[in-house]
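This report concerns only the one structure given below.
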Amino acid sequence: MSQDVCVVVPTIREYECMRSYFENARRHGFDLSRLHVVLVTEDFCETDAMERMLEEEGVSGEVFDGSRREEWYAEHGVEKYSHVVPAASHAETSFGLLYMWAREEFEYGFFIDDDTLPHPDEDFFGTHLENLAFGGEIEEVASDENWVNVLYQNADEHGLYPRGYPYSAMGETVETDTTEIESGQVVASQGLWTNVPDLDAVRILMDGDLEGQAQTRTTAEDFDGDFVAARGNYLTVCSMNLAFRREVIPAFYQLPMDDNEWDVGRFDDIWSGVFLKRACDVLGARIYNGAPLCEHNKAPRSTFDDLNNEVPGLELNEHLWRVIDDVGDGAESYAEVFEVMARELADGDWDEYNNGAFFTHVGERMLEWLECLEALERPAPIAANRRI
């Protein structure tokens, strides 16, 4: 079996969680030789210990702290685009996408957060890849607000809405049906999560928790089968437990958060999911949701710290999906759809919104993202030329 799966793990502390994922693969007979693991970390972290962990597990992989990432950019002749991946941000997962794009052998990518664990009884890697190959009937979900709550299946009991779900779309009327999907249409597989739900700080505060975790927890019983969101309906896409096809990378840039003058954070994967869903609707593709579940063990931290990171972008999050909802029709590739959405943001007038200029910033970075991917498709200049 060829090495065709790139696993991207942003981590600064709990990299040992990957041993559980490797053990899960062995338990379920998944061929670990297919994996190449990219640990995206920082200069102050235990990079030697991370490398030893991969060696001890017998799994192919590399560790990229900030310095090593800069070396990689130079080696591939894309130094001038290094700023598209923000420093010290969860959105550094975008580096993993660039890494994948530069190596054509990777057909599939995985995002795994370091505060998660696989459910032992579920074949984590195998189930995600089966989802990406899925063909057949599946539940399709829609709402009168054009948003699907990925926690809808037991929402009457727990009342939860995930991080990034617009406040203006709450109280929706949910409609379910069955739809037929052809094999090859699924381009992303979002696994959901038990234990600590992925909520924003406002909702966590409303749940009475000051340590960033939420008092209400989810269990496997809260999830009743897999589903897709209907065309024209958006959903939150969380990158903690996610698999995707290589082809979506141009439209799956993890947006530049935290490291910006507006202090907007915490929406990198949410907004990338909005763009990806629009691209999927234009191109006839699907995002699969449900299994495999992971256990989310978010570490305690101040809910107010998360709130400070989220507030600058809360109003923008209410409007982003409407901005791009009717653009891109007729595009024939993920890059084409993404470019249209990028120009809509980069060229628009957003003065009516708090921190509206951040939309312009995001659009400009999206265009540079596409330029960087194009540059990676060209041979890098030799080192001697770069030194001249």
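The values are calculated or read from the model by the stated rules, or taken from the named source; none is laboratory data. All figures in this text were calculated on a predicted structure; none of them were measured in a lab. Please note: Cβ atoms are built from the backbone with ideal geometry, for glycine as well, and neighbour counts cover all protein chains shown. We work out accessible area using only protein heavy atoms, side chains counted, and drop any ligands, DNA or RNA first. Shrake-Rupley method; radii C 1.70, N 1.55, O 1.52, S 1.80 Å.
Show me the ranking of peptides 50-63, 29-42 by mean Cβ neighbours inside 10 Å, starting with the highest.
Values: 50-63: 16.3, 29-42: 19.1.
Sorting 50-63, 29-42 by mean packing, highest first, produces 29-42, 50-63.
Using only the heavy atoms of the protein chains and a 1.4 Å probe, how would 358, 44 rank by accessible area, largest first? Intermediate results must be reported in sequence, preceding the final value.
Numbers: 358 0, 44 155 Å².
From most exposed to least exposed: 44, 358.
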task = Quick one: what are the phi-derived ³J(HN,Hα) couplings along region 129-136, Karplus 6.51/-1.76/1.60 with θ = phi - 60°, whole Hz, x for glycine and proline?
result = 5, 5, 4, 5, 9, 4, x, x
query = Quick one: Karplus J couplings for region 330-343, per residue in order, coefficients 6.51, -1.76, 1.60, θ = phi - 60°, nearest Hz, x for Gly and Pro?
reply = x, 5, 10, 8, 5, 5, 5, 4, 5, 5, 4, 5, 4, 5
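When only C-alpha pairs under 8 Å and at least 6 residues apart count, what is the relative contact order of the chain, in percent?
Working: 769 pairs, mean separation 73.3, N = 388.
In percent, rounded to a whole number, it is 19.
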note = Residues meeting the amide H criterion for residue 294 (H placed from the backbone, H to H distance under 5 Å, 5 or more places apart or on another chain) are 192, 193, 194
task = Could you pull out every residue, at least 5 positions away or on a different chain, whose amide H is within less than 5 Å of the one on residue 229? Hs are placed 1.01 Å off N in the peptide plane, and Pro or chain starts have none.
result = 141, 287
note = Given a 1.4 Å probe, the accessible area of the chain per residue, as a whole number of Å², is 40
request  = Hey, can you grab everything whose amide H is under 5 Å from the amide H of residue 242? Only 5+ residues off in sequence or another chain; H modelled, so Pro and N-termini drop out.
outcome  = 111, 191
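For the chain, which whole-number percentage of the solvent-accessible area (1.4 Å probe, protein heavy atoms only) is attributable to carbon and sulfur atoms? Could the numbers behind the result be given before it?
Numbers: 6620 of 15440 Å².
For the chain, the apolar C and S fraction of the accessible surface comes to 43 percent.
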query = ³J(HN,Hα) across region 39-54 via Karplus (A = 6.51, B = -1.76, C = 1.60, θ = phi - 60°), whole Hz, x for Gly/Pro?
reply = 8, 9, 9, 10, 4, 7, 9, 7, 5, 4, 5, 5, 5, 5, 4, 5
